[in-house]
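Q: Questions regarding the structure given below will be posed in turn.
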Amino acid sequence: MPDRFDEEAEMKNQTTKTFRHATDEKSATVARRGWHRSRIRPIAFWATTFVIVFELTAGSVWNLLPIEWVEAQLRHLGYPHFFAYILAVWQAAAAIAIIAPRLPLIKEWAYAGAFFLWSSAVASHLIVGDGLRTWGVPLVFGTCAIASWALRPADRRLPGTRLRRYRPADAAQNGAGPSETRPRAWAVPIGLLVVLYAVSFLTLPAAEAMTHGWAVELGWIDE
C-alpha cells in the first residue's frame, strides 16, 4: 500500500510540474507577444506620422509659392488661384499640431483637417475623371493620416477617446504625462519641423522639374 500511495503522489507531483511548466511557457509566449506589439505600435505610429507631417510641410511650401504644378492642378480641378494660399496656411498649422507633444484637442482638429484635405483631393480628381495616377497619392496620405490617428499614444488622445488598455501607469511608462512638458519634448518636434521645411525648400528646384514633367504627361500644361 505505501508503494501505491508513493506512486500516486509522484504522479500528482509530475502532473503539477507539467502543468506549471506549460503555464509558464504560455505566460512567456503572451509576454513576448505583448512586448512585440508594444514595440510595433509606436514604430508604426511614428512612421505614418512622419509621412503625413512631411507631406503637410512640403505641401505648404509648394502652395505658398505656389509652384507650377500647384497652379496647373488648381486650374485643372476648377479651384481659384488663392485657394493655394489658404491650403498652405492650414497645412503648416496641421503639421505643427500633429507633431507637437500633447494638445490632444487641437490634434483631433488637425487630423480631421488632414483627412478632409486628402479625401477632398481624391474626390476632386474622381469628379473630373482623372485616373489612379492622380488620386492614388492623396489616397495613400489619407490612409496614413487615419493610421497615425488610430495608433497615437495615450497622451495624444482626448480623455474620452483613450482605450481601456491605456492605464495611467502604462501612459507614464510610455513617456506620457508630466515628462511631456519638458523642453526636450518640444525641442525634438521643433527641430524635426525645421529640418523638414529646410529639405522642402532645398529640394524645390528638383520637385518643380519633376512635377513639370508630370503636368505635361497629364496634359495640364503644354511642353
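Q: Highest first, please rank the peptides 150-159, 44-53, 204-213 by the mean number of other Cβ atoms sitting within 10 Å of their residues. Before the final figure, lay out each step's value.
A: Values: 150-159: 16.7, 44-53: 18.5, 204-213: 12.9.
Peptide ranking by packing, descending: 44-53, 150-159, 204-213.
Q: Okay, next question. Say a paramagnetic label sat at a point 7 Å from the Cα of residue 102, along Cα to Cβ; which residues of segment 184-208 have their backbone N under 18 Å from it?
A: 184-191
Q: How would you order 111-119, 56-64 from highest to lowest mean count of nearby Cβ atoms within 10 Å?
A: Descending packing order for the listed peptides: 56-64, 111-119.
Q: If I model a spin label at residue 119 and residue 50 as a point 7 Å from the Cα along the Cα→Cβ vector, what separation in nanometres do I get?
A: Between residue 119 and residue 50, the label points sit 2.7 nm apart.
Q: Once you place label points 7 Å from the Cα toward the Cβ at residue 75 and residue 214, how far apart are they in nm?
A: 1.8 nm
Q: Could you tell me the ratio Rg/Rh of segment 57-126? Both radii from Cα atoms, Rh via Kirkwood.
A: Rg divided by Rh gives 1.01.
A short reminder: the numbers here are calculations on the coordinates, not readings from a lab. Since we're looking at a predicted model, the values are computed, not measured. Every residue, glycine as well, gets a Cβ built from its backbone with ideal geometry; the counts of neighbours run over all protein chains shown.
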